[in-house]
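Encoded as structure tokens, the structure appears first; notes follow it.
The values are calculated or read from the model by the stated rules, or taken from the named source; none is laboratory data. Keep in mind that this is a model prediction, so the values were computed, not measured. Virtual Cβ from ideal backbone geometry, glycine too; neighbours counted across all protein chains shown.
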Amino acid sequence: MELNGSGTRYGFSEDAIVATMKRYGFDTYDYDPFSKSLTSMNGGRHAEANTLFIRDADRARARVRGAKPVSIHGVLF
């Protein structure tokens, strides 16, 4: 979900969106594609980038670790 500070421009509170997602059992995470790691943001969010909302972090981490590498311009991720 992209929460980059522009929500207020369209009449949406990004803090309210995060609170709603938390009520549905999701928490916020950051993803590092180079290390294939998910890091909890403890309900925080990025000001200018995507914020991942994950309900089952253990399952998501297992899927990320097991993902096949992807080559972009000759660099494996």
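Structure notes:
- Of the criteria (1) on the phi < 0 side of the Ramachandran plot; (2) touching a strand residue (DSSP E or B) at 6+ places or on another chain (Cβ under 7 Å); (3) surrounded by 10 or more Cβ atoms within 10 Å (Cβ to Cβ), which one PRO69 fails: (3)
- Number of the exception - TYR31 against (1) outside any loop (DSSP other than H, G, I, E, B); (2) over 12 Å from the mean Cα position of the chain (by Cα): (2)
- For region 14-35, taking the residues that are under 29 Å from LYS68 (Cα atoms) and loosely packed, with under 15 Cβ neighbours inside 10 Å, the one that is modelled with the highest pLDDT is identified as GLY25.
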